Amino acid sequence: DFYLPLIIRSDFLLITQDGSVNENQYSEINKNNIKKVGIWLNGFDPIKHYSEEKINSLKNHYGINSPNALVFINVSFLSKWKRVDSVIELFYRFLKEVSDNAYLIMVGDGTMENQLKETVRMYGIEDKVKFIGRVTQRDVQSYLAVSDIFFSFYQKQNLSNSLWEAMSMGKCVI
């Protein structure tokens, strides 16, 4: 279903993406079915600066009570092709093998949300994983501000707005 718009006959195909692929590359996939291709490049608002005091206030607000805790974050639609199950697995292994002074913020919703919550319950790490749900793009920045490491394991996408935002805020990206 990911490639369905490239297979079925259409007069116009509008693609949102990061700019790493141009419209000629899409047109070459199936010349007979796509008459016109348009690219809508992703973008994000300028990142605002957060003071240390504001970051600590946000951490307390989000239930991250240990001042020296390492905070991981994933911002995505919670679906299989985003590989969010791997995010939970890696975080669990980090807690067991490296340090239990860490938290994971999961921003987004989607088809795997209940399954992921069940996995977190099975691992017994409900107090370490915060499922936030869908938020506005502006709110994503406040969650990124309290985080240290951004997880991006996407299977079919090389860059996302949230990845660009994380990098622009100086976050470590895995």
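The values are calculated or read from the model by the stated rules, or taken from the named source; none is laboratory data. Bear in mind that the values here come from a model prediction, so they are computed numbers and not experimental data. Cβ: placed from backbone, ideal geometry, glycine included. Neighbour counts: every protein chain shown. Side chains are part of the model used for accessible areas, which takes the heavy atoms of the whole protein and leaves out ligands, DNA and RNA. Shrake-Rupley method; radii C 1.70, N 1.55, O 1.52, S 1.80 Å.
So which residues in the stretch 81-108 are more than 18 Å from residue 143 (Cα to Cα) and touching a residue at least 60 places away in the same chain (Cβ under 8 Å)?
81, 82, 83, 86, 90, listed by residue number.
Just checking, does the stretch 122-131 include any residue being open to solvent by 70 Å² or more (accessible area, probe 1.4 Å) and under 25 Å from residue 67 (Cβ atoms)?
Our first condition is that a residue be open to solvent by 70 Å² or more (accessible area, probe 1.4 Å); within the stretch 122-131, this holds for 122, 126-127.
Adding the requirement that they be under 25 Å from residue 67 (Cβ atoms) leaves 126-127.
There is at least one residue in the stretch 122-131 that is open to solvent by 70 Å² or more (accessible area, probe 1.4 Å) and under 25 Å from residue 67 (Cβ atoms).
Is it true that some residue in the stretch 113-126 is small (Gly, Ala, Ser) and outside any loop (DSSP other than H, G, I, E, B)?
Within the stretch 113-126, the first condition is being small (Gly, Ala, Ser), and the residues that meet it are 124.
Those left that are additionally outside any loop (DSSP other than H, G, I, E, B): none.
So far as the stretch 113-126 goes, no, none of its residues is small (Gly, Ala, Ser) and outside any loop (DSSP other than H, G, I, E, B).
For the stretch 141-156, how many residues are under 15 Å from residue 82 (Cβ atoms) and under 11 Å from the mean Cα position of the chain (by Cα)?
To start, the set of residues in the stretch 141-156 that are under 15 Å from residue 82 (Cβ atoms) comprises 150-156.
Add one more test, that the residue is under 11 Å from the mean Cα position of the chain (by Cα), and what stays is 150-154.
Qualifying residue count, the stretch 141-156: 5.
Is one or more of the residues making up the stretch 74-85 part of a strand (DSSP E or B), at pLDDT below 70 and β-branched (Val, Ile, Thr)? Let's see the steps before the verdict.
Just the residues of the stretch 74-85 that are part of a strand (DSSP E or B), to begin with: 74-75.
Retained after the next criterion (residues that are at pLDDT below 70): none.
No, the stretch 74-85 contains no residue that is part of a strand (DSSP E or B), at pLDDT below 70 and β-branched (Val, Ile, Thr).
Cβ-Cβ distance below 6 Å, separation of 6 or more or different chains: which pairs start in the stretch 47-61 with a residue that is closer than 16 Å to residue 103 by Cα and part of a helix (DSSP H, G or I) and end on one that is open to solvent by less than 100 Å² (accessible area, probe 1.4 Å) and not basic (Lys, Arg)?
If the second residue must be open to solvent by less than 100 Å² (accessible area, probe 1.4 Å) and not basic (Lys, Arg), the pairs left are 55/145; 55/146; 58/142; 58/146; 59/146.
Among (1) over 22 Å from residue 61 (Cβ atoms); (2) open to solvent by less than 20 Å² (accessible area, probe 1.4 Å), there is one condition residue 165 misses while meeting the rest; what is its number?
Single failed check for residue 165: (1).
So, in the stretch 133-162, of the ones that are in contact with a helix residue (DSSP H, G or I) (Cβ under 9 Å, 6 or more places away or on another chain) and open to solvent by 60 Å² or more (accessible area, probe 1.4 Å), which residue ends up farthest from residue 92 (Cα to Cα)?
Across the stretch 133-162, the extreme among qualifying residues is 137.
Quick one: residue 135 ticks every box in (1) without any contact (Cβ under 8 Å) to a residue 40 or more places away in the chain; (2) more than 22 Å from residue 117 (Cβ to Cβ); (3) outside any helix (DSSP H, G or I) bar one, so which box is it?
For residue 135, the failing item is (2).
Go through the residues of the stretch 87-100 one by one and say whether even a single one is over 16 Å from the mean Cα position of the chain (by Cα), open to solvent by 40 Å² or more (accessible area, probe 1.4 Å) and among the hydrophobic types (A, V, I, L, M, F, W, C).
yes
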